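The values are calculated or read from the model by the stated rules, or taken from the named source; none is laboratory data. In this text the structure is predicted, and so the values were computed from the model without any measurement. No Cβ is skipped: glycine too gets one built from the backbone with ideal geometry, and neighbour counts run over all protein chains shown. The area values use the complete protein model at the heavy-atom level, side chains included, leaving out ligands, DNA and RNA. Shrake-Rupley method; radii C 1.70, N 1.55, O 1.52, S 1.80 Å.
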Amino acid sequence: TDGGATFSQRYDCLVNSPHGPIQLAGGRLLYAGKELYRTPHRIGVCESTDDGTSWRWLSAIPTRPGDDPKQYHELHAVETADQRIIVHIRNHNPLHAGETLQSESSDGGRTWSPPKSIGVWGLPSQLLRLADDRLLMSYGHRRKPFGNQVRVSDDGGRSWSDPMVISADGAAGDLGYPTTVQLDDTTLLTVWYEKLKTSPFAVLRQALWSLTG
């Protein structure tokens with residue numbers, strides 16, 4: 001509460017996911033994730049109406065028929081211009097293994113569609129709503145060419161563009177978790193971790209790039 005000079009003790013925000021919560025148009029915080037350290041490891045969303053001081057479970061995301069929910073991981077959400085909520089899920093079930101699945105809510109996160117494949121091999125996905133209301137997904141590509149890619153949706157997540165390559169010079173698949181922010185109308189910054197061929201330690205890398213069209 002003092003600009004980062006001091007911090008409170010840790011407290012429970014109920015779910016786990018690396019890219020964290022988002023703020024919705026109405027002011028609520030919504031955190032899509034997994035009950036990683038609880039059973040039965042539900043995936044879904046929790047919400048905070050007091051700027052993150054406390055959290056409550058809001059709803060579960062249904063499991064696709066034939067899937068094991070334990071093989072869903074690392075969710076992230078974004079709110080569209082028409083106030084639907086899109087969630088991306090890292091999938092390790094045999095069907096579409098290594099792909100990103102997508103679920104949607106049209107009632108503020110209270111109910112969700114069954115996850116579906118969007119035809120994107122790569123994970124986990126970080127979602128961003130751009131200044132022009134298009135959606136951007138950033139994800140690691142852990143097979144040749146090793147690197148990071150992004151795709152754009154012009155229709156609120158109903159479809160996604162072909163991939164655009166941010167990096168493709170990775171030594172192997174130990175990389176990813178890209179996060180993208182928009183700096184101005186055309187310039188974006190993507191940061192990711194990567195284990196280089198020349199070092200046993202992972203480093204952070206970044207790319208400044210432009211999105212046109």
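The table for this structure:
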read-out	value
10 Å-binned pair-distance histogram of segment 125-185 (Cα, whole percent)	24, 49, 23, 3
Order by protection proxy (mean Cβ within 10 Å, highest first), peptides 72-78, 189-195	72-78, 189-195
Cα-Cα over 21 Å, subset of Lys70/Lys116; Lys34/Lys144; Lys116/Lys195; Lys34/Lys116; Lys116/Lys144	Lys34/Lys144; Lys116/Lys195; Lys116/Lys144
Unit charges at the beta carbon, dipole of segment 70-112: most positive-side option, His76, Asn93, Gly108	Asn93
Scattering profile of segment 159-211 at q = 0.24 Å⁻¹ [log10 I(q)/I(0), Debye over alpha-carbon scatterers]	-0.97
About the Cα centre, charge dipole magnitude for segment 76-213 (Lys/Arg +1, Asp/Glu -1 at Cβ), debye	620 debye
Cα lying deepest toward the dipole's positive end in segment 126-195, options Leu175, Val152, Leu135, charges on Cβ	Leu175
Coarse-grained scattering of the chain at q = 0.11, 0.16 Å⁻¹, given as base-10 log I(q)/I(0) from a Debye sum over alpha-carbon atoms	-0.54, -1.14
Inter-probe distance in nm under a simple model that places probes 7 Å from Cα toward Cβ, at Gln182 and Tyr11	3.3 nm
Prolate/oblate/rounded label for segment 70-195 (Cα gyration tensor, a/c 1.5)	oblate
Of all accessible heavy-atom area on the chain, the percent that carbon and sulfur account for (1.4 Å)	52 percent
Point-charge dipole on Cβ atoms (K/R +1, D/E -1) for segment 4-150, about Cα centre, debye to 20	500 debye
5 Å binning of all Cα-Cα separations within segment 55-141, expressed as whole percents from 0 upward	3, 15, 25, 25, 19, 10, 3, 0
Dmax and Rg, reported as Rg then Dmax, of segment 1-70 (C-alpha, Å)	13.9, 48
Peptides ranked, highest mean first, by Cβ atoms within 10 Å: ranges 205-212, 17-24, 100-107	100-107, 17-24, 205-212
Per residue, in Å², the accessible surface of the chain once ligands and nucleic acids are set aside, probe 1.4 Å	51 Å²
